[in-house]
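Encoded as C-alpha cells, the structure appears first; notes follow it.
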Amino acid sequence: MGNRPYTLTVAGLDPSAGAGLLADVKCFEQHEVYAFGACSALTVQTDDCFTRNQWLEASEIIAQVEPLARKFKIVACKIGIIKDLHVLLEVTAFLRHVNPSIYMVWDPVISASTGYQFHPDQLDAGLLTDALHSIDVITPNYDEIQLIKPLVSPKETASEWSEYCAVLLKGGHNPEQPGTDYLYIENEVVPIEPVLAELPAKHGSGCVLSAAITANMALGNSIERSCRLAKHYTEKFLASNQTLLGYHTN
C-alpha cells in the first residue's frame, strides 16, 4: 500500500462522534486517506440533543493547521460548521496559499439535526459569492439552501451557485424525489439516485457525505464520481443500524 494522501477536516467537535470532526476522521480513515483535523467549534451535544457551542476564530483554526501544512501536502479539505463567512474566507485563503491545487468541499451547516440554529441571520450575499469562488464543491440540502436564499427555489439557487463552484443539492429533504441528489456542474445537472430505500435517519449523515466526497477527491476521483461514491458510502452508513449513531464501513 502506497502513501495515503493527506486530507483535512475543519469542523466542530461533537462529543458523540456522530457528526463533525470526529465523524469526518472516521470517514477519512475508512477511505484510506490520512486524516488531519482542526476544530472550528466546541459543541455540547448528544445524538439527539444540542445544548450550546463555542466558536473558534480564524486565527485559532489556522494556528492548528499551519504546522501540519508546513510539513505535509494537504490535498483536500472538508469544511463543516464555521463561525461566519469572514472566518471561512480567511481559512480558505490560507489553505490556497499553502497549496493552490487543494480541493475544498464546504458543507454549509445552518442548523443541527435537533433544530439548533448556527446561523440565524441571513448570510451576506457578496461574501457568499466570494466563499463560493474559494471552494470546489458546496453540499447544501433543500432546507439549508432555502434558509440561505428563502425567496428563490432551491434548484434555481443551485444553478446560480454552480457558476462559481460545483453544487451538490442533497436529496434528503427533496419534496419531489426524496433521496435523489442533483449535482450542478459545468452547465449540467446530473441526478444521483439512491440505491437503497427507506433508510433510517442518522445524526451527522450530511457530515459523512461531504467528508466522503472530500476523501474520494483526495484519491483522484472526479467531482461527479466522488459524489456517487460518497452517496453509496453514506447509504451504507445510514443502513448500518437502527440507532441515530451510524457505523463507518467501506
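The values are calculated or read from the model by the stated rules, or taken from the named source; none is laboratory data. Being a predicted model, the structure only gives us computed values, none of them experimental. Please note that ligands, DNA and RNA were not included when accessible areas were found on the heavy atoms of the full protein model with its side chains. Shrake-Rupley method; radii C 1.70, N 1.55, O 1.52, S 1.80 Å.
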note = Output for segment 79-164 (equivalent-ellipsoid semi-axes, sqrt of 5λ from the C-alpha gyration tensor, Å, descending) is 21, 15, 11
note = Straight-line reach check, LYS202, cutoff 28 Å on alpha carbons, 8 or more apart in-chain or any other chain, hits among lysines -> LYS26, LYS78, LYS83, LYS149, LYS155, LYS170, LYS231, LYS236
ask   = Among rounded, prolate and oblate, which fits the chain when a ≥ b ≥ c are the square roots of the eigenvalues of its C-alpha gyration tensor, a/c under 1.5 means rounded, and a/b larger than b/c means prolate?
value = rounded
query = How compact and how long is segment 55-109, expressed as Rg and Dmax of its alpha-carbon atoms in Å?
reply = 10.6, 30
key: Residue-normalised accessible area of the chain, expressed per residue, 1.4 Å probe, Å²   = 46
query = Between SER59 and LEU151, 0.36 nm times their residue separation minus their Cα-Cα distance comes to what?
reply = 29.7 nm
request  = Rank ASP14, ASP107, ASP130 by mean-square fluctuation in a GNM of the chain with C-alpha springs under 10 angstrom and give only the top-ranked residue.
outcome  = ASP130
task = Considering only DSSP beta bridges where both residues belong to the chain, give the percentage that are antiparallel (nearest 5).
result = 40
key: the chain: most fluctuating residue of THR92, THR51, THR129 per GNM, C-alpha cutoff 10 Å   = THR51
ask   = So what's the back-of-envelope 222 nm ellipticity for the chain, counting only DSSP H runs of four-plus at -39500 (n - 2.57) apiece and dividing by all residues, rounded to 500?
value = -11500 deg cm²/dmol
message = Could you identify which residue out of SER134, SER153, SER205 has the top mean-square fluctuation in a GNM of the chain using Cα springs shorter than 10 Å?
response = SER153
inquiry  = Can you tell me how segment 1-144 classifies by the Cα gyration tensor, rounded, prolate or oblate, using a/c under 1.5 as the rounded cut?
reply    = oblate
inquiry  = Let me make sure I get this right: for segment 153-234, a, b and c are the square roots of the gyration tensor eigenvalues over alpha carbons, sorted descending. Under 1.5 in a/c it's rounded, otherwise prolate if a/b > b/c, else oblate. Which is it?
reply    = oblate
ask   = Percent of accessible area on segment 1-155 owned by carbon and sulfur, 1.4 Å probe?
value = 53
